[in-house]
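Take a look at the structure below.
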Amino acid sequence: MNQPLSPTEPNATPPLANVMDLLLDAICVVDVEGRYVFVSAAFERIFGYAPEEIIGKPMIELVHPDDRERTLQTANEIMAGQPKPHFQNRYVRKDGRVIHVMWSARWSETDRVRIAVARDVTELKRAESMQVALHAISEAAHSAEDLLTLFRHIHQIIGKLLPARNFFVALYDEKKDELSFPYFVDEYDSAPAPRKLDSGTLSAEVIRTGQALLLTPDTQTALPGHIGPIDGMDSLDWLGVPLGTHRGVIGALVVQSYSGDVRYTERDKTLLQFVSTQVASAIERKQTETWLQYVALHDQLTALPNRILFHDRLRTALVRARRDNSLLSLLYIDLDKFKLVNDSFGHDIGDLLLREVADRLRHCVRESDTVGRVGGDEFVVLLDHIGQPEHALIVAEKIRSALNQPFELPGNRLHISTSIGIAMHPEHGDDNRQLMRLADDAMYSAKKHGGNRLMMGKMPGHSAENTEPDV
C-alpha cells in the first residue's frame, strides 16, 4: 500500500474491492486509534453489521468483554511489528450471539493501520468444545465421589458450552412416581419440593414426552393445557432437554435466563441435546455405583446400616471422642423370644415386625446417632457425643418402653419385650470390638435375668449391673 487508505474513498481501487467482497473471510483495516476505516462485505455476514454501520467505530467495542484486555495487548504487539497469523478471540454479533474469530493480522507502518483477515471459527470451536465436554463428562462419571459432586461437574462443563448461570437437574423415580430436583442453582429460587410427574411443571413435560422444550418470547410455543402455573420466578428463556437412557427417560437438564443479556436458541437446544445422552449415562452409572455401595453397607430388610457400616461409624466416632475427650455409648439390643413370633405367625410377619422395630428405634435417637442391624433380631445403637453416662440409660429406657408398646401388624397385634446391654467409652474401653463385646455380654446377661431390662456392661472380672427397675 503506497497511499494511506481513506474512509472517504472506499472505491479507490474498485477491482481489488470487488475481489475482497467476494471472499468469505472479512478484510478489516483499523487505524492507530483502533477505529475501523475499512471492512469488506463479508464483515456483515460474520459480525452482523453492515460496513456503513461500523466505519469509524472502535474495534474493541465489538470484542467480548472477557477478551478485551487480551485483544488490546495483542493489538499493541502487532503495532510493535509482531504479525499474528493465528490469533483467536470472541466477538459479540449485532444480534447478541457470541462468535469465535481467528485473525491473521499485521501492521502497516507506511499506512499506519492494522490490516487483518477475520475467519468465523465458531462452528469449529463448538465441535471442539463438545468433544472436550463429552470427555470431561466421562471423566466426571468415574471420578465424582457422589451424585452431588457429579452434578457440580456437569454444571461446570455445560457452563463452558452455553450460559448456565441458572441450571438444574430434575430426576424421575418411576417406582415412586416422584420427580425431584437434587441439583438446583438459581439466582432467585430454591429447589422445589419433590412432586408427581403429572404435577404440570415444564421439566415434568420434558420427561413425560421425551422431547426438548425451548421457550422464549419469540417462539410463542403453545403449551398443553395440563401445564400449570410457573413455580417461582418466571424466566424469560427456558430450555430443557430429556435425559434418555436404554431404560427410558430418567430426568431432564434445564437452563433458564431472566434477562435479555442471555438468550437461548435452537442451536443451544441442539448442543444441550448432544451432551445430554452422555450426561444421562454418567448419572445412571453413578446411581448404580451409589446403589451398589448402599446395598453393600445396609441391611436389605430394614435399610439400617449393617455390621460393616456400623463398625466403620463406631471407629470414626471413637477417633472423634478421643480427640474431643467426649463420651459415647453403645447399646446392644435383642428382641426377647423373637423366634416364637416366626414360629407362630410366619417369617413374613416376623419381617414386618423387624421393620417396625427399626422404625421405632430411629425415632428414639437423634439424627447424629446411628442405629444398625447386626443379626436376625439384634440391633445396635451408637450414641455419639453424650453429655453424661446417665444419658445412655435414659435413651435405653426410652427404647425399651417404645418396643414394649403393641405392634399393629396386618391381622395381628403383637407384644414383645427387649433386652439391652450398654457399654460406655472411655469407661469400658477404647476399642470398637471391645465395646461391642462388652455390650453384647451385658445384653445376654439381661436375657439371663428374665429379659425386658437394661444391663450396664462391666470390665472382665466384674458382673454386669442390672439397671432395670421392676416391671
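The values are calculated or read from the model by the stated rules, or taken from the named source; none is laboratory data. Nothing here was measured: the structure is a model prediction, and the numbers come from that model. Cβ placement follows ideal geometry from the backbone for every residue including glycine, while neighbour counts extend to all protein chains displayed. The protein model used for the area step is the full one, side chains on, heavy atoms only, and it has no ligands, DNA or RNA in it. Shrake-Rupley method; radii C 1.70, N 1.55, O 1.52, S 1.80 Å.
Can you pull the Rg over Rh of the range 118-166, Cα-only, Kirkwood?
Numbers: Rg = 12.7 Å, Rh = 11.7 Å.
Across the range 118-166, the Cα-based Rg/Rh ratio is 1.09.
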Pop a pseudo-label 7 angstrom from the Cα along the beta-carbon direction at both Lys125 and Arg247 and give the gap in nm to one decimal.
4.0 nm
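For Asn412 and Asp261, what is the calculated FRET efficiency with R₀ set at 60 Å and r taken between the beta-carbons, to the nearest 0.05?
In this case the efficiency is close to 0.40.
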Ignoring ligands, DNA and RNA, what accessible area per residue does the range 241-377 give at 1.4 Å, in Å²?
49 Å²
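From the helices alone, meaning DSSP H stretches of at least four residues, give me the mean residue ellipticity at 222 nm for the chain, per-run term -39500 (n - 2.57), in deg cm²/dmol to the nearest 500.
When only DSSP H runs of four or more count, the value is -12500 deg cm²/dmol.
To the nearest 0.05, how large is the calculated FRET efficiency for Thr290 and Ala41 if R₀ is 56 Å and r is the Cβ-Cβ distance? Write down the numbers at each step before the final one.
On the way: r = 57 Å, r/R0 = 1.02.
Efficiency computed from Cβ-Cβ geometry: 0.45.
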Could you give me the radius of gyration and the Dmax of the range 345-418, taking only the C-alpha atoms into account and expressing both in angstrom?
13.3, 43
Within the range 337-394, what whole-number % of the accessible surface is contributed by carbon and sulfur, with the 1.4 Å probe and all protein chains included in the calculation?
52 percent
Check: the range 160-220 dipole with +1 on Lys, Arg Cβ and -1 on Asp, Glu Cβ, in debye
160 debye
By a straight-distance test (C-alpha under 30 Å), which lysines pair with Lys125 as possible cross-link partners, with residues fewer than eight away in the same chain excluded?
Lys57, Lys84, Lys94, Lys160, Lys269, Lys286
Scattering curve values for the range 59-210, log₁₀ I(q)/I(0), Debye with Cα scatterers, q = 0.11, 0.21 Å⁻¹
-0.65, -1.29
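For the chain, give the magnitude of the charge dipole about the Cα centre (Cβ charges: +1 Lys/Arg, -1 Asp/Glu; no others), in debye to the nearest 20.
Values: 52 positive and 66 negative charges, 146 e Å.
For the chain, the charge dipole is close to 700 debye.
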What distance in nm separates the two pseudo spin-label positions at Ser368 and Glu109, each 7 Å out from Cα along the beta-carbon direction?
7.5 nm
Here the residues of the range 366-397 lying in the modelled label zone of Glu427, meaning backbone nitrogen under 18 Å from a point 7 Å along Cα-to-Cβ, are 381-397
For Thr418, what residues show an amide H to amide H distance below 5 Å, using hydrogens built from the backbone and excluding near sequence neighbours?
Asp336, Asn452, Arg453
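Can you give the Rg to Rh ratio for the range 241-397, taking only C-alpha atoms and Rh from Kirkwood?
Numbers: Rg = 23.5 Å, Rh = 19.7 Å.
Ratio value, two decimals: 1.19.
What do the square roots of 5 times the Cα gyration tensor eigenvalues come to for the range 152-199, in whole Å, largest first, as semi-axes of the equivalent ellipsoid?
On the way: eigenvalues 110, 31, 11 Å².
Over the Cα atoms of the range 152-199, the semi-axes work out to 23, 12, 8 Å.
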Hey, what do the phi angles of the range 284-292 turn into as Karplus ³J(HN,Hα) couplings, whole Hz, using 6.51/-1.76/1.60 and θ = phi - 60°, x for Gly and Pro?
4, 4, 5, 4, 5, 4, 4, 5, 5
Between the alpha carbon centres of the range 124-179 and the range 266-305 the gap in Å comes to 11 Å
Computed on alpha carbon atoms, what radius of gyration and Dmax characterise the range 401-462, expressed in Å?
14.7, 48
Name the long-range amide H neighbours of Gly251: under 5 Å, sequence gap of 5 or more, or other chain; modelled H, no Pro or chain starts.
Tyr172, Leu243
Computed over the chain: longest principal axis from alpha-carbon atoms vs helix 147-159 long axis, angle to nearest 10 degrees, is 10 degrees
How big is the antiparallel share of DSSP beta bridges in the chain, given as a percent to the nearest 5?
95 percent
With everything on Cα atoms, drop me the angle between helix 68-79 and the longest principal axis of the chain, reported from 0 to 90° to the nearest 10.
40 degrees
Give the calculated FRET efficiency between Asn404 and Asn342 to the nearest 0.05, with a Förster radius of 25 Å applied to their Cβ-Cβ distance.
0.80
When the convex hull of the Cα atoms of the range 300-392 is projected onto a plane and the area is averaged over all directions, what value comes out in nm²?
6.2 nm²
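Treating the beta-carbon of each Lys and Arg as +1 and of each Asp and Glu as -1, no other charges, what is the dipole magnitude of the range 274-375 about its Cα centre, to the nearest 20 debye? Intermediate results must be reported in sequence, preceding the final value.
Numbers: 15 positive and 14 negative charges, 102 e Å.
With Lys and Arg at +1 and Asp and Glu at -1, about 500 debye.
Where the eigenvalues come from the Cα gyration tensor of the range 60-113, what are the semi-axes √(5λ) of the equivalent ellipsoid, largest first, in whole Å?
Numbers: eigenvalues 99, 22, 21 Å².
For the range 60-113, the ellipsoid semi-axes come out as 22, 11, 10 Å.
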For the chain, shape from the Cα gyration tensor axes a ≥ b ≥ c, cut at a/c of 1.5 then a/b versus b/c, turns out prolate
How far is helix 389-404 tilted, in degrees, relative to the longest principal axis of the Cα atoms in the chain, given as a value from 0 to 90 rounded to the nearest 10?
80 degrees
J(HN,Hα) series, the range 354-365, from Karplus relation 6.51 cos²θ - 1.76 cosθ + 1.60, nearest Hz, glycine and proline x
4, 5, 5, 4, 4, 5, 5, 4, 4, 7, 8, 10
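If each residue of separation counts as 0.36 nm, what is the full-extension length gain between Leu297 and Asp21 once their alpha-carbon separation is subtracted? Don't skip to the end; give the middle numbers.
Working: separation 276, 0.36 × 276 = 99.36 nm, distance 7.00 nm.
Full-extension gain reported as 92.4 nm.
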